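The values are calculated or read from the model by the stated rules, or taken from the named source; none is laboratory data. In this text the structure is predicted, and so the values were computed from the model without any measurement. Cβ: placed from backbone, ideal geometry, glycine included. Neighbour counts: every protein chain shown.
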């Protein structure tokens, strides 16, 4: 089963990449663990940033400066400028393929202000922006007859070495969840678009359970580097009991943050790292924290924030038209990921990456609200175009792939003496308490020791279910194994960065240290171990 371009992941970045690769004339196949319409992109509510000149106070340059400020000095300015300069065209393209953005009274695309923005810049579709973008992209892929194969869990990237010593990708191995078989897919180039890893925080994350860093872990095993893994953004407003996201658009529309005394205690539209820390400080004092949108009125809420009302009623049993919404910060977005160059390619030739799993160095230490959907479009397109061109020009040849992935054979030897679900929940609590909004050396070292201990016992935590067909127990164990691999890297990077910068706040090193740490952390593999270095 061979194609020119293979896309792993069918969220926004993966589908954009597939469309752009298809436009180069390449044959394209998409493999996805979930169904495309259930990807994490569907949960992006607030909007997609673009300086459309609808308001006089906004400009592309303002967008660039807001992004750089939010990144706390470690974004790549050239990449940020590409992102922001491409934004208006990206939104026009989305509109041209059918995304139904909300409109102003004079029929312009409606825009709202999100945290850290100096002007109303986020183009939105009520509070379902990501969902409507995703469904439109999916429809477009179907219209282009791009093959999308669902329920395929990534196992590993398959690589070869050329006569000159270059490592290049030649395909992937996946688990067909429906049949339990290992399948091999060959391709001249592969695009990783598998999302982030914030589900390492388990119940303390706004992300779906599948956000387990599968593509990042597999790329690292294949020889790619990872960068900035310590930077994990906490969204200020997740529902208190379920960690379900309440969009920043609620604060952008004028919502207040209140403590138990009914006091406002922070600027609701400051960058997310600042707002999350302010809420965290109130909670440390014993205060409960609430989002108040009652003053916006029922008509406005039902028109502009209908999903937020439904979620609050469903998961907290409160109606925000009349009641306060109990909230807390929760792990939401991972700024770090697979290290890529200016062409979206990794260190492994032919292996490209886009979306949250990739680090294009546009978010730095803290992502600006509204830039995640934009990144999917801009760098998804870049990865797709370049992967298509690479496939056409590739001179690499290799024997047909016949080897099967050894991972499943290895897992079959594991026992199930220890319940890995309990360990996954335990790691989530450890990360939330010790690798969360506020970090310090003693807690980070303790967390690392606990994670290493769990990792050493991995062979005692295998899946109990030994059946082949729809073995979700096996799939969830593979996810757990990937998160465990990434957990040690995250903690090592967090320990070595002895400063506070954006989402990485160290109470024992409270200041930003530009002399030593205005650089990116790079995790790389050294035989069976790994190392961490710093680069500009």
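Just a few scattered comments:
- When residue 325 is tested against (1) surrounded by fewer than 23 Cβ atoms within 10 Å (Cβ to Cβ); (2) more than 30 Å from residue 76 (Cα to Cα), only condition (1) is not met.
- Flag for residue 482 being crowded, with 21+ Cβ neighbours inside 10 Å, at pLDDT 95 or above, within 24 Å of the chain's Cα centre (by Cα) and under 24 Å from residue 364 (Cα atoms): yes
- Out of 215, 223, 252, sole residue that is at pLDDT below 95 and assigned by TED's automatic domain parsing to the domain that holds residue 116: 223
- Top-ranked residue in region 193-206 [being part of a loop (DSSP other than H, G, I, E, B) and in contact with a strand residue (DSSP E or B) (Cβ under 7 Å, 6 or more places away or on another chain); ranked as farthest from residue 475 (Cα to Cα)]: 206
- Qualifying positions in region 130-150 - surrounded by fewer than 17 Cβ atoms within 10 Å (Cβ to Cβ) and part of a helix (DSSP H, G or I): 139, 142, 143
- Scanning region 234-243 turns up at least one residue that is within 18 Å of the chain's Cα centre (by Cα), modelled with pLDDT of 95 or more, over 30 Å from residue 169 (Cβ atoms) and part of a loop (DSSP other than H, G, I, E, B).
- Sole exception among (1) within 18 Å of residue 195 (Cβ to Cβ); (2) touching a helix residue (DSSP H, G or I) at 6+ places or on another chain (Cβ under 6 Å); (3) not in a loop (DSSP other than H, G, I, E, B) for residue 385, by number: (1)
- All positions within region 1-43 that are within 14 Å of the chain's Cα centre (by Cα), buried (at least 24 other Cβ atoms within 10 Å of the Cβ) and in a helix (DSSP H, G or I): 12, 13, 14, 40, 41
- The single residue among 444, 491, 460 that is surrounded by 19 or more Cβ atoms within 10 Å (Cβ to Cβ) and closer than 28 Å to residue 414 by Cβ turns out to be 491.
- Qualifying position, being in a strand (DSSP E or B) and modelled with pLDDT under 95, among 153, 159: 159
- Qualifying residue in region 457-472 (condition: assigned to a helix (DSSP H, G or I), without any contact (Cβ under 8 Å) to a residue 40 or more places away in the chain and touching a helix residue (DSSP H, G or I) at 6+ places or on another chain (Cβ under 8 Å)): no
- Of all residues in region 401-418, at least one satisfies being at pLDDT 95 or above, surrounded by 12 or more Cβ atoms within 10 Å (Cβ to Cβ) and either farther than 30 Å from residue 366 by Cα or not assigned by TED's automatic domain parsing to the domain that holds residue 162 (or both).
- Residue 106 vs. criteria assigned by TED's automatic domain parsing to the domain that holds residue 54, buried (at least 23 other Cβ atoms within 10 Å of the Cβ) and either touching a residue at least 40 places away in the same chain (Cβ under 8 Å) or assigned to a loop (DSSP other than H, G, I, E, B) (or both): no
- Filtering region 44-72 to residues that are closer than 18 Å to residue 501 by Cβ and in contact with a strand residue (DSSP E or B) (Cβ under 9 Å, 6 or more places away or on another chain) leaves 66, 67, 72.
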